[in-house]
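**Q** What follows is a single structure, and I will ask about it in a moment.
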Amino acid sequence: MCPDSRCAAASCYPFGNSTPDAGARLALLEDLYDPATRRHLDGLGVGPGWRCLEVGAGHGSIAGYLSDRVGPAGHVLATDIDTSVFAAPPAPNLELRTHDIGADALPEAAFDLVHARAVLGFAPLTALQPMIAALKPGGWLLLEQMSSAPTECLEPADDEAAVLAHQMRRAINTLIVRRGGDPGLGLRVPQLVRGAGLSDLGGESFAVPLRTRPVARFTLATVDLVKDQIVTAGLMTAADVDRYRACLAEPDRLFPAALWMVSVWGRRPH
Ligand SMILES: C[S@@+](CC[C@H](N)C(=O)[O-])C[C@H]1O[C@@H](n2cnc3c(N)ncnc32)[C@H](O)[C@@H]1O
């Protein structure tokens, strides 16, 4: 449950899309993870005429990609609890809708593909069932969720950046839990999809390269979005947050905060 007593939602997204830098942060996330997601979508055969649901579309690059792929005979419904950073180019086959996947209804048996990346960890797990019911028989679910990477093996445990990164990861996870989300969902996505009665299961985990500026830029953007919440909640001191920000600005660090993306797909039986 959201800690804000004025908020009645079962879960809340702690990174908030309406803050000024939220769109830029999600664009960095897209740069890191879109190549793998597009590969999975291509592997499932997304093509002309498909009807697709993009849940928690964020900045919208995957919605835009799907809109290109399905062409004029297809349709993409992109949803988000907060659509303010959606930036996919408008297209006749692309519809944007404000929608809470944890609370609002979805049409049944309507889509050839339902995709959600880095969304379900912020919503109640009960959201999965309507997403599956929204698939046509034979339609594909592609569920992707981030998970903390076991980077301990890559960094000496007493390395300053590693220590601060782990503190920051714990603090962010605490914020997500306090707002009703589940930061550990990534590792459970395979069993979740398997338990949902889908067929033709497949999956892959994708780790972004650790020694790259894009990883540091995305991590810094994430830290900047949540640092006030973290300090106010007493989860880290402002000085430690600043030390971690300085580590992220240094070249030639391994950036142990990098995240894995766990991607699992399956299709609704005929
Ligand atoms: C980490 S971002 C990922 C955005 C996009 N899926 C991507 O991977 O580029 C999470 C997105 O989920 C949205 N979101 C969070 N809770 C949601 C909910 N209950 N229903 C719909 N969207 C939600 C947020 O507003 C945000 O745009």
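The values are calculated or read from the model by the stated rules, or taken from the named source; none is laboratory data. The structure displayed is predicted, hence computed values, not measured ones. Note that we place each Cβ from the backbone using ideal geometry, even for glycine, and neighbour counts take in every protein chain shown. Please note that ligands, DNA and RNA were not included when accessible areas were found on the heavy atoms of the full protein model with its side chains. Shrake-Rupley method; radii C 1.70, N 1.55, O 1.52, S 1.80 Å.
**Q** Can you give the extra length, in nm with one decimal, that the chain gains between Ala249 and Ala91 once fully stretched, where that is 0.36 nm per residue apart less the Cα-Cα distance? Don't skip to the answer; put the middle values down first.
**A** Working: separation 158, 0.36 × 158 = 56.88 nm, distance 3.82 nm.
Gain in length upon complete extension: 53.1 nm.
**Q** Once both labels are modelled 7 Å past Cα along the beta-carbon direction, what's the Ser18-Thr98 spacing in nm?
**A** Inter-label distance under the simple model: 0.8 nm.
**Q** Over all alpha-carbon pairs in the stretch 131-249, figure out the percentage whose distance exceeds 23 Å. Could you put the intermediate results ahead of the total?
**A** Numbers: 3048 of 7021 pairs.
Distances greater than 23 Å cover 43 percent of the Cα pairs.
**Q** Within the stretch 102-184, report the GluC sites (Glu not before Pro) that DSSP leaves as loop and that have at most 14 other Cβ atoms within 10 Å. Intermediate values should be presented prior to the final figure.
**A** Numbers: sites: Glu108, Glu144, Glu152, Glu160; in loops: Glu108.
Qualifying residues, ordered by number: Glu108.
**Q** Still on this model: Which residue, Ile172, Leu106, Pro124, has the largest displacement toward the positive end of the dipole of the stretch 22-267 when charges sit on each Cβ (Lys, Arg +1; Asp, Glu -1)?
**A** Leu106
**Q** Express the C-alpha Rg of the stretch 22-121 as a ratio against the empirical globular expectation 2.2 N^0.38 Å, rounded to two decimals. Please list the in-between numbers first.
**A** Values: Rg = 12.5 Å, N = 100, 2.2 N^0.38 = 12.7 Å.
Here the answer is 0.99, to two decimals.
**Q** As an exercise, use a Förster radius of 25 Å and the Cβ-Cβ distance of Val177 and Glu204 to find the FRET efficiency, rounded to the nearest 0.05. Before the final figure, lay out each step's value.
**A** Working: r = 27 Å, r/R0 = 1.07.
According to the calculation, E is roughly 0.40.
**Q** Leu94's amide H: which non-local residues (gap 5+, or another chain) put their own amide H closer than 5 Å, with H modeled 1.01 Å from N in plane and none for Pro or chain starts?
**A** Sorted by chain and number, the residues that satisfy this are Val76.
**Q** Place a point 7 Å from Cα of His270 in the direction of its Cβ. Which residues in the stretch 126-143 have their backbone N less than 14 Å from it?
**A** Within reach of a label on His270, which here means backbone N under 14 Å from a point 7 Å along Cα→Cβ, the stretch 126-143 contributes 137-139.
**Q** How high is the relative contact order of the chain, in percent, counting Cα pairs under 8 Å that sit 6 or more residues apart? Can you show the working numbers first?
**A** Details: 523 pairs, mean separation 60.1, N = 270.
Taking the mean separation of contacting Cα pairs over the length of the chain, I get 22 percent.
**Q** Determine the per residue accessible area of the stretch 116-218 with all protein chains present and a 1.4 angstrom probe, expressed in square angstrom. Write down the numbers at each step before the final one.
**A** Numbers: 4450 Å² over 103 residues.
Heavy-atom accessible area per residue stands at 43 Å².
**Q** In deg cm²/dmol and to the nearest 500, what is the mean residue ellipticity at 222 nm of the chain if only DSSP H runs of at least 4 residues count, each as -39500 (n - 2.57), divided by the residue total? Numbers along the way, then the final one.
**A** On the way: 7 runs with 100 residues, N = 270.
So the helix-based figure for the chain works out to -12000 deg cm²/dmol.
**Q** Apply the a/c threshold of 1.5 to the C-alpha gyration tensor of the stretch 34-83 and tell me whether it is rounded, prolate or oblate.
**A** On the way: a/c = 2.21, a/b = 1.26, b/c = 1.75.
Note, shape of the stretch 34-83 comes out oblate.
**Q** Span-like helices, the chain: DSSP H, alpha-carbon axial extent 15 Å or more, mean Kyte-Doolittle -1.0 or greater, which ones?
**A** Working: long enough: 22-44 (30 Å, -0.22); 160-178 (27 Å, 0.33); 213-232 (29 Å, 0.41); 238-249 (17 Å, 0.03).
The answer, listed by residue number, is 22-44, 160-178, 213-232, 238-249.
**Q** Follow-up. On a C-alpha basis, how far is the centre of the stretch 214-256 from the centre of the stretch 25-44 in Å? Whole number, if you could?
**A** Cα centres, the stretch 214-256 to the stretch 25-44: 24 Å.
**Q** Just grab the label-to-label distance for Thr237 and Ser84, each label 7 Å out from Cα along the Cβ direction, in nm (one decimal).
**A** 3.3 nm
**Q** Could you give me the radius of gyration and the Dmax of the stretch 22-267, taking only the C-alpha atoms into account and expressing both in angstrom?
**A** Answer for the stretch 22-267, Rg first and Dmax second: 18.3, 56 Å.
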